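J.: Just passing along the structure, written as structure tokens.
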Amino acid sequence: MRFLRLIGRVFLAFLGTAGRLILFTADAVSQCVRPPFYPRMILRHMLDIGYFSLPVVGLTAIFAGMVLALQSYTGFARFSAEGVIANVVVISITRELGPVLAGLMVAGRIGASLAAEIGTMRVTEQIDALTTLSTNPMKYLVTPRLIAGVTMFPFLVFIADIIGVFGGYVVAVYKLGFNPANYIQSTYDFLQAEDVNSGLVKAAVFGFIVTLMGCYHGYNSKGGAQGVGTATTNAVVSASILILCFYYILTEMFFAK
Amino acid sequence: MTEPKPDNSRLKIRLRGVHKRFGSKIVLDGLDLDVGVSESVVVIGGSGTGKSVMLKCILGLLQPDKGSIQVDGEEVVGMSAAAREEINRKFGMLFQGGALFDSLPVWENVAFGLLAEKKVTRLEAREIAISKLAQVGLGGEVGDLSPAELSGGMQKRVGLARAIASDPEIIFFDEPTTGLDPIMADVINDLIVKTTRQMGATALSITHDMASARKIANRIAMLYEGKIIWAGPTENIDSSGNLYVEQFINGRAEGPIKMAVRA
């Protein structure tokens, strides 16, 4: 009996959280199309999410590309198939590694800072203060961040694609002795618009997930410093897990034929 | 209750039978309260008696489970969000910790409500902000600082300037003197009295600081176990004949009010 009760309680808690999250999402998204708008806030967050994430995303991408070239060489050299390395690098980076690595890195950087900032605003009553100053806190705090996340993530991933492919090129040419012109030519030949586009769509979805999780956990944090800490942890963990889930779902949608 | 009721037609805020519970904990248990036009009412009560919850219910930050709250004769419980935003324009609020937006400079904090209503340009808003800061005794140079650079007393003043910036009809004060030294507390009390009188605004404050309550209140009401157990003019507070009130205003550990000392 006690066991059944436990299962029931966990299940109900799960439904409650899912319901709250869906309502929160619906509210935040519906605010995107209703005035007033806050272009100043949107620009600020676009700068923060897009521009200031470039170093961490760039570093991640260049090393991912380098490792990819190195490892596929050790594998493919056994079958004398070194020629496909350019292909492997460019497809893996644009389709999969670019979006997912950038998504996870930025989930740590942005998800945590959003949750901490909004969470602190919640526990210091700044969110209540917004309401008393005729400002809808969802519209002022959450919606601009969502818009910035959805628009800037594809931009970041596009940059990551270029840097990642460049990383592969550097290793292939300077370490593995490939001919630069041939390598670039085969990269160019194999690359299709669909590879890049699917990666950018994934990036937009990941951007939505990261900013939504950061805002949701921050917005609903309670109980002082500890509450903000918990909210930050939850934001990063839930964003990372959701990114990996949707990573599979989107790949299945795009490429399972 | 043995209070002379203010004229019913001139009530700014009217609470009847307001109930609010969190889980199994009953916080407000049928609370009745009247605040007349241009009156300053202070609700006193110990920590955790539901003073803040009452304020949040009036502001619409919390929904009461049961009961009626009227502002200017208009029922606000269960109101639509748009109508609620309209009502909230009548309100100004000084938060306990100031609740200043630390991402914005002081002047933008003060002018936030004005900018949100989009009735003024940024330049005009800045001028109004500087004049409101002057009203609370702060120089124009403070306007460009960040809230984190201010002392506690200055933050309270900026919070007050923000609360009065859009000339609200009703101002709420949440523990205005908590965390301040006695002299600064008195300065803030003076400012509250001065500004609300100047504006002819209605004031509803919650506090457990009796010196502050005596100074800013026309009328005092005491909240205990989710109900108003006594209300009357400030000058009657010492002759209330109510054991709970006497224990509270004299700050005695012994009496009918039992504090939960166990953690």
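The values are calculated or read from the model by the stated rules, or taken from the named source; none is laboratory data. Just so you know, these numbers come straight off a predicted model, no measurement behind them. Ideal geometry is used to build each Cβ from the backbone, glycine not excepted, and the neighbour counts take in all protein chains shown. Protein only, heavy atoms only, side chains kept; ligands, DNA and RNA dropped before computing areas. Shrake-Rupley method; radii C 1.70, N 1.55, O 1.52, S 1.80 Å.
J.: Could you go through the range A:91-108 in sequence order and give the Karplus-derived ³J(HN,Hα) for each residue, using 6.51 cos²θ - 1.76 cosθ + 1.60 with θ = phi - 60°, rounded to whole Hz, and x for Gly and Pro?
T.: 6, 4, 5, 6, 6, 10, 5, x, x, 6, 5, 4, x, 5, 5, 6, 4, x
J.: Within a 10 angstrom radius of each residue's Cβ in A:121-130, how many Cβ atoms of other chains show up on average? Whole number is fine.
T.: For peptide A:121-130, the averaged partner shielding equals 6.
J.: Which whole-angstrom value gives the distance between the alpha carbon centres of the range A:132-197 and the range A:237-252?
T.: If we compute the Cα centre of each part, the gap is 18 Å.
J.: Let me ask another. What angle do you read, to the nearest 10 degrees and between 0 and 90, between the alpha-carbon axis of helix B:152-164 and the longest principal axis of chain B?
T.: Around 90 degrees separate the two axes.
J.: A follow-up question, please. To the nearest 0.05, what FRET efficiency results for B:Glu86 and B:Lys227 with a Förster distance of 30 Å applied to their C-beta separation?
T.: According to the calculation, E is roughly 0.50.
J.: Please give the helix A:193-219 orientation as an angle from the longest Cα principal axis of chain A, in degrees from 0 to 90, rounded to the nearest 10.
T.: Around 30 degrees separate the two axes.
J.: Please give the contour-minus-distance gain from A:Ser30 to A:Arg2: 0.36 nm per residue of separation, less the Cα-Cα distance, rounded to one decimal in nm.
T.: Fully extending the segment from A:Ser30 to A:Arg2 adds 5.9 nm.
J.: Summing both sides, how much accessible area is buried between B and A? Use a 1.4 Å probe and give Å² to the nearest 100.
T.: 1700
J.: Just to confirm my numbers, what's the Cα centroid distance between the range B:158-210 and the range B:52-100 in Å?
T.: Between the Cα centre of the range B:158-210 and that of the range B:52-100, the gap is 18 Å.
J.: Next question. Can you tell me the FRET efficiency between B:Val120 and A:Ala18 if r is taken as the Cβ-Cβ distance and R0 is 45 Å, rounded to the nearest 0.05?
T.: It comes out at approximately 0.55.
J.: When the Karplus curve 6.51 cos²θ - 1.76 cosθ + 1.60 is applied with θ = phi - 60°, which whole-Hz ³J(HN,Hα) does each residue of the range A:130-145 get, with x for Gly and Pro?
T.: 4, 4, 6, 9, 6, 10, 7, x, 4, 5, 7, 9, 8, 4, x, 5
J.: Separate question: Could you state the number of Å between the C-alpha centres of the range B:105-146 and the range A:78-100?
T.: 57
J.: Follow-up. If packing is taken as the mean number of other Cβ atoms within 10 Å per residue, what is the order of B:172-181, B:12-21, highest first?
T.: B:172-181, B:12-21
J.: With θ set to phi - 60° and the Karplus curve 6.51 cos²θ - 1.76 cosθ + 1.60, what are the ³J(HN,Hα) couplings of the range B:76-84 in order, to the nearest whole Hz, using x for Gly and Pro?
T.: Listing the rounded values in order: 9, 6, x, 6, 5, 4, 5, 5, 4 Hz.
J.: Additional query: Between 0 and 90 degrees, rounded to the nearest ten: what's the tilt of helix A:54-76 against the longest Cα principal axis of chain A?
T.: Taking Cα atoms only, the helix is inclined about 40 degrees.
J.: Hey, which lysines would be in cross-link range of B:Lys156, C-alpha to C-alpha under 28 Å, not counting anything within fewer than 8 residues on its own chain?
T.: Cross-link targets: A:Lys139, A:Lys222, B:Lys12, B:Lys51, B:Lys56, B:Lys90, B:Lys118, B:Lys119, B:Lys132, B:Lys194, B:Lys215.
J.: Within the range A:61-92, list the residues whose amide N lies under 18 Å from a label point set 7 Å along Cα→Cβ of A:Val170.
T.: Taking a point 7 Å out along Cα→Cβ of A:Val170, the residues of the range A:61-92 whose backbone N falls under 18 Å are A:61-73, A:86, A:89-90.
J.: What FRET efficiency would be calculated for the residue pair A:Val67, A:Leu47, taking the C-beta separation as r and a Förster radius of 41 Å, to the nearest 0.05?
T.: Here the calculated transfer efficiency is 0.85.
J.: In addition: Would you mind giving the three semi-axes, in whole Å and largest first, of the ellipsoid equivalent to the range B:198-263 according to its Cα gyration tensor?
T.: 24, 14, 11
J.: For B:Ala203, list long-range residues whose amide hydrogen, built 1.01 Å from N in the peptide plane, is under 5 Å from its own amide hydrogen.
T.: Close amide H contacts, sequence-distant or interchain: B:Glu39, B:Ser40, B:Val41, B:Ile171.
J.: If you roll a 1.4 Å probe over the protein assembly as shown with all protein chains in place, what percent of the accessible area is carbon or sulfur?
T.: It is 62 percent, rounded to a whole number.
J.: Now, a different point. Considering all alpha-carbon pairs of the protein assembly as shown, what whole percent are spaced by more than 28 angstrom?
T.: Of all Cα-Cα distances in the protein assembly as shown, 63 percent exceed 28 Å.
J.: Next up: With no solvent and one point per C-alpha, what does the Debye sum give as log10 I(q)/I(0) for the range A:124-222 at q = 0.12, 0.13, 0.22 Å⁻¹?
T.: Ignoring solvent entirely, the Cα scatterers give -0.59, -0.64, -1.07.
J.: Once every DSSP H run of n ≥ 4 in chain A is given -39500 (n - 2.57) and the sum is divided by its residues, what mean residue ellipticity at 222 nm do you get, rounded to the nearest 500 deg cm²/dmol?
T.: -26500 deg cm²/dmol
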